[in-house]
1. What are the residues in the stretch 1-30 that are assigned to a strand (DSSP E or B) and either without any contact (Cβ under 8 Å) to a residue 40 or more places away in the chain or charged (D, E, K, R) (or both), if any?
2. What tally of residues in the stretch 38-72 results from selecting those that are more than 13 Å from Asp89 (Cβ to Cβ) and either β-branched (Val, Ile, Thr) or touching a residue at least 60 places away in the same chain (Cβ under 8 Å) (or both)?
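No lab work stands behind these numbers, since they all come straight from the coordinates. Keep in mind that this is a model prediction, so the values were computed, not measured. Reconstructed Cβ throughout: ideal geometry from the backbone, glycine too, with neighbour counts over all protein chains shown.
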Amino acid sequence: QVQLVESGGGLVQPGGSLRLSCAASRTLFLIATMGWYRQAPGKQRELVATVTNGGATDYADSVKGRFTISRDNAKNTVYLQMNSLKPEDTAVYYCNMRAVGYDYWGQGTQVTVSS
């Protein structure tokens with residue numbers, strides 16, 4: 001069983017920055033596409049960003065130019081650097097690990113952007 005442990009959420013003012021981390025418990029990480037998703041109150045979960053095992057990235061239009069996803073294969077960890085945060089970025093952020101036959105989720109970390 002894979003465990004994904006997220007950290008780095010919190011309260012930040014508009015325009016501020018946060019970096020989320022997600023550490024995976026198994027070397028399945030090395031072949032998996034890692035992603036960050038978010039769910040705001042009353043809304044469906046949505047894709048934020050993904051990074052393949054080869055390093056290719058994809059972003060939601062709403063975060064392009066502000067968020068950066070990266071991975072450290074030596075540490076089985078994926079990161080989401082979030083800059084220029086807006087109140088509409090407020091949500092629970094979930095880490096996802098996906099490979100053929102596998103789909104794992106973290107427990108989520110709250111990000112609140114408010115003055």
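1. Filtering the stretch 1-30 down to residues assigned to a strand (DSSP E or B) leaves 4-7, 10-12, 18-24.
Selection gives Glu6, Arg19.
2. So the count comes out to 6.
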